[in-house]
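This report refers to the structure that appears directly beneath it.
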Amino acid sequence: MVENKKKEQMKFLYPETLVATDEIEVSGKVEKELLTEINPFEMAKRQIDIVAGKMGLNENIKKYLKRVERSLIVSIPIKMDDGSIEIFEGYRVQHSTIRGPGKGGIRFAPNVNLDEVKALATWMTWKCSLLNLPLGGAKGGVCVDPKKLSKQELERLTRRYTAEIINIIGPDMDIPAPDLNTDPQIMAWIMDTYSMHKGRAVPGVVTGKPIEIGGSVGRETATGMGLFFVLEALCNKLNIDLNNQSIAVQGFGNVGGNIAQILYEKGCKIIAVSDISGGLYSKEGLNINELLEWRDRNNYLKDFHYENYKFISNEEILMVKCDILIPAAIENQITQLNANNLKCKIILEGANGPTTPEADDILKQKGIIVVPDILANAGGVCVSYFEYIQDIHSYFWKLERINQELKNILGSAFEDTYSLSKEKNVTLRIASYMIAISKLAKAIELRGIYP
Ligand code: NAD
């Protein structure tokens, strides 16, 4: 059978990253189906192996870093508006709290699973370590399509999920934040639920809250702003004039929407953007503010009609000929199957885990520079850290200070990564991992293994 042969080929290409594929039966689409089955945690562990090999990391430390400290799976029963009861599954994972309390977002999405959350928690550990933030890596998620819930159902889901994970979160333990399909309102419900259980207001339990209840100015736009600072630093190194670059952005939510708007307002030409429904393309450039207004009125990009814009799919947006491609949606978008067809010069990773290790090798051969997620999109966790500090001190900073400190921290992380990549002749991803992992290894050595 053709399908079986293809499956065998894919198993050869991705020996460790595939999960069981027996139920896949659609002919002709086997590769695509299999790619959606890439296991992100296996991918995260393989990234550790690759970097450990390059830096000669002690085998025991490698073993230590390839497991998560704690995974909690919870069942979330919700009374629906029609009186029925639905049960959702939720997760909270702490990969490492060696360098400080866990930190990481919560996502609500239909395909969230434990291994995805473990991978995301692992990447958070590297991100905090690379930036020298005194925080560890964590992540959470609920397997749900939030678009199918009413606002009241969404609130009940958020509150029940919070109550289920309440014993392992808190300002000194693990501090959630927004991620896919979660926003300041959802953070406000988490903060309120936690506070009601504790009998006092505890703003520091989450970041990305509304400003009125202890949130920070600049947090909503922080990931986009961070992407911009890192891109600007790279362009300075490479003597590239950012204003003359053509840019494509996959994902038009918090991260994709903000970076597209920041670049658009700086005068750059954004030639393509997409959301889950597909994307829009114009060689002359899109009017990003108009598209953001459309999005904010709860519309999908596929329904935006303007005769000069061409509709493209989410696969096509990655192949668009452009200078800078910004994947800002979900994991596993750039893989061994499409990396060869990319026509950009720089990839700035807004999403977490958008590129597989196999694709990394191909991109390196093609001379495409990849600015890795743990550096490129770290602006979010950085301003979350500022929010956490402001909550502890009950003293709030002005936007200028937030942006200046963000630029300083990301600027240093970029410099460290860029110089190490030149010194060791490795990609920016390998260099950033080397820095993050060596700090973790040192922390483990200093703390020792209890008991
Ligand atoms: P979001 O929910 O605000 O936006 C996600 C966007 O991606 C939407 O436009 C959505 O339509 C699109 N999308 C969703 N599924 C898709 C699919 N299967 N194919 C194509 N497009 C799809 O989420 P966000 O907060 O912008 O997060 C996007 C990515 O950035 C995630 O990988 C997240 O982990 C990462 N990230 C977010 C933050 C943050 O502060 N929000 C920080 C760092 C990294």
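Observations on the model:
- More than 15 angstrom apart: percent of Cα pairs within the range 274-314: 31
- Gyration tensor (alpha-carbon) shape descriptor, the range 215-314, a/c threshold 1.5: oblate
- Anisotropy class of the range 148-222 from Cα gyration tensor, a/c 1.5 cut: oblate
- Label positions at N340 and I211, each projected 7 Å from the Cα along the C-beta direction, are separated by 5.1 nm.
- For D179, solvent-accessible area (1.4 Å; no DNA, RNA or ligand), Å²: 40
- When the residues W294, W189 are ordered by accessible surface, computed with a 1.4 Å probe over the protein chains alone, the sequence from largest down reads W294, W189.
- Rounded to two decimals, the Cα-based Rg/Rh of the range 116-246, with Kirkwood Rh, is 1.04.
- Here the dipole of the range 207-312 is about 260 debye; that uses its Cα centre as origin and unit charges on the Cβ of Lys and Arg (positive) and Asp and Glu (negative).
- Check: the chain dipole with +1 on Lys, Arg Cβ and -1 on Asp, Glu Cβ, in debye: 1120
- Expressed as a whole percent, the accessible area of the range 388-443 that falls on carbon and sulfur atoms is 53 (1.4 Å probe).
- Cα gyration tensor category, rounded, prolate or oblate, for the range 259-400 with a/c compared to 1.5: oblate
- Largest first and in whole Å, the equivalent-ellipsoid semi-axes of the range 379-451 read 28, 21, 7, each the square root of five times a Cα gyration tensor eigenvalue.
- With a 1.4 Å probe rolled over the protein heavy atoms of all chains, the accessible area of H305, H393, H95 falls in the order H305, H393, H95, largest first.
- Among beta bridges identified by DSSP and lying wholly in the chain, the antiparallel ones come to about 50 percent.
- Take the chain with all the other protein chains still there, run a 1.4 Å probe, and you get 44 Å² of accessible area per residue.
- Protein accessible area in the range 62-167, 1.4 Å probe - carbon and sulfur %: 47
- The ellipsoid that matches the Cα gyration tensor of the chain has semi-axes, each √(5λ) in whole angstrom, of 30, 27, 25, with the longest given first.
- Accessible-area rank, largest first, for M225, M187: M225, M187, with all protein chains present and a 1.4 angstrom probe.
- Straight-distance candidates among the lysines for linking to K343, with alpha-carbon spacing under 22 Å and chain neighbours fewer than 8 residues away dropped: K32, K237, K269, K283, K310, K321, K364, K366.
- Over the chain: helical MRE at 222 nm, DSSP H runs n ≥ 4 each giving -39500 (n - 2.57), nearest 500: -14500 deg cm²/dmol
The values are calculated or read from the model by the stated rules, or taken from the named source; none is laboratory data. The structure presented is a predicted model; accordingly, all values stated were derived computationally and were not measured. Please note: Cβ atoms are built from the backbone with ideal geometry, for glycine as well, and neighbour counts cover all protein chains shown. Only protein heavy atoms, including side chains, enter the accessible area calculation; ligands, DNA and RNA are left aside. Shrake-Rupley method; radii C 1.70, N 1.55, O 1.52, S 1.80 Å.
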